[in-house]
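S.K.: Here you go, one structure.
The values are calculated or read from the model by the stated rules, or taken from the named source; none is laboratory data. Computed from a predicted model, the values in this text were never measured in an experiment. Cβ: placed from backbone, ideal geometry, glycine included. Neighbour counts: every protein chain shown. What goes into the accessible areas is simple: the full protein's heavy atoms, side chains included, and nothing from ligands, DNA or RNA. Shrake-Rupley method; radii C 1.70, N 1.55, O 1.52, S 1.80 Å.
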Amino acid sequence: MNAKAKYRELCRTNADIPLSSQDWWLDWSAGEENWDVVVAERDGRIEAALPYVVEKRAGMRRLGMPPQGSLTLGAWVRARETSGVAEKLDREKELVAELIRKLPPFDLFSAWMHWKHSYVAPFSQQDFKADVFYTHVLPLSPDFRTVESGFRESVVRDAGRAEAALRVSDAPDMERLYSLAAQRIGANEAAPSTLAQALALDEICERRGCRRMWFAEDARGRVHAVLYIVWDCDTAYLLMSGEAPLLRTSGAKALLLREAIRFACRNVRYFDFRTKTPDPEDRPCQSFGARPAPNIRITKYGGGRLAAFASRIKRSIAGSSRV
């Protein structure tokens with residue numbers, strides 16, 4: 001059994017693998033033939049894995065993120081009880097270093113690490129560059145009222161005002177949702193880039209029971225806002241959302257986020273707003289009580305033309321700075 005087949009079995013038996021690192025998500029986001037994985041095993045069991053998408057363009061080989069659905073795609077390490085933090089980090093460093101050694105040759109490697117697996121030392125020691133960005137994550141509780149008590153007054157006010165004027169529906173209608181969410185797709189690298197791809201993902205997620213959508217509309221049937229989440233064993237991710245440009249003052253977005261968070265409280269432990277920003281301060285997300293969590297982008301140029309090009313750029317910048 002090759003590494004990819006073993007990884008598929010791992011995904012079937014380990015619920016803690018982040019959503020966009022799971023084999024079925026990669027099949028959708030990259031295509032079954034366009035991704036692979038390296039694994040580190042001990043006593044015949046996978047202890048760590050690093051899936052990656054392979055892209056060949058203009059004679060260059062790039063490893064990393066898929067062209068769509070790119071939430072995160074870093075190293076996964078099996079959780080294990082250890083005697084202390086130092087032992088845990090030593091084990092993780094050893095396993096991830098092995099994964100890096102097993103990667104095939106590349107011109108460029110670029111991937112975003114999940115905030116639950118953000119230990120970058122093994123990558124830094126192998127000359128990978130680490131750029132720190134932030135998503136914003138809201139810790140949840142089965143008691144929604146506890147979570148809601150952390151909302152700012154402005155959120156409570158907007159959601160209440162919208163609730164009095166709008167109707168919330170969760171009846172599935174991806175074509176209707178995508179028509180509004182598509183206005184923001186260009187800035188949302190994790191979202192499906194076409195309606196066909198959105199419909200395909202929705203069908204898969206419906207079958208697996210890991211998606212939900214909401215609409216806020218008024219008495220005239222105008223949709224003010226839409227929202228779509230997906231989830232894994234402990235985190236819900238805000239994958240798509242949108243607002244009608246002329247109806248943004250209705251408070252509909254706050255209302256739908258409140259409903260999504262209420263739903264997530266019954267199913268998972270965290271709500272990830274997926275902000276991916278260099279600034280840990282994000283007022284809209286913090287108004288719901290979310291906290292910054294590191295989304296680290298790791299990159300490295302291998303041999304070949306990309307490395308030579310990057311080297312020329314660096315020399316050019318260095319020369320300009322001396323003038």
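S.K.: Please compute the volume of the convex hull spanned by the alpha-carbon atoms of the stretch 31-82 and report it per residue in Å³.
M.R.: Looking at the stretch 31-82, the number lands at 110 Å³ per residue.
S.K.: Which lysines have a Cα lying under 20 Å from the Cα of Lys116, excluding residues fewer than 8 positions away in the same chain?
M.R.: Straight-line reach from Lys116, under 20 Å: Lys88, Lys93, Lys129, Lys276.
S.K.: Rank-order 21-32, 48-59, 222-233, 150-161 by packing density, defined as the average count of other C-beta atoms within 10 Å over each peptide's residues, highest first.
M.R.: By packing density, highest mean first, the sequence is 222-233, 21-32, 48-59, 150-161.
S.K.: Still on this structure, please answer the following. I need the peptides 200-208, 94-102 ranked by packing, meaning the mean over residues of other C-beta atoms within 10 angstrom, with the highest value on top.
M.R.: 94-102, 200-208
S.K.: So which aspartates and glutamates can Lys300 reach, going by Cα to Cα under 13 Å and dropping same-chain residues fewer than 8 places off?
M.R.: By straight Cα distance, Lys300 reaches Asp107, Asp127, Asp131.
S.K.: Once fully extended, how much extra length lies between Thr249 and Val54, figured as 0.36 nm per residue of separation less the alpha-carbon to alpha-carbon distance?
M.R.: 65.9 nm
S.K.: Rg and Dmax of the stretch 125-174, Cα atoms, in Å?
M.R.: Answer for the stretch 125-174, Rg first and Dmax second: 18.6, 56 Å.
S.K.: Right, here's the next one. Which order, highest average first, do 286-292, 275-281 follow once you tally other Cβ atoms within 10 Å for each residue and take the mean per peptide?
M.R.: 286-292, 275-281
S.K.: Counting only heavy atoms of the protein chains, get the accessible area per residue of the chain (1.4 Å probe) and round it to a whole Å² value.
M.R.: 49
S.K.: Next up: Quick one: which residues, 5+ away or cross-chain, put their amide H under 5 Å from the amide H of Cys233? H built at 1.01 Å from N.
M.R.: Sorted by chain and number, the residues that satisfy this come to none at all.
S.K.: Can you pull the percent of the chain's accessible area that's carbon plus sulfur, 1.4 Å probe, other chains left in place?
M.R.: Exposed carbon and sulfur together represent 50 percent of the surface.
S.K.: On to the next question. What does the charge add up to near Asp27, with Lys and Arg as +1, Asp and Glu as -1, over the other residues with Cβ less than 10 Å from its Cβ?
M.R.: -2
S.K.: Can you list the residues of the stretch 245-268 with backbone N under 17 Å from a point 7 Å past the Cα of Arg291, pointing along Cα to Cβ?
M.R.: none
S.K.: How many percent of Cα pairs in the chain exceed 35 Å?
M.R.: So the pairs more than 35 Å apart make up 26 percent of the total in the chain.
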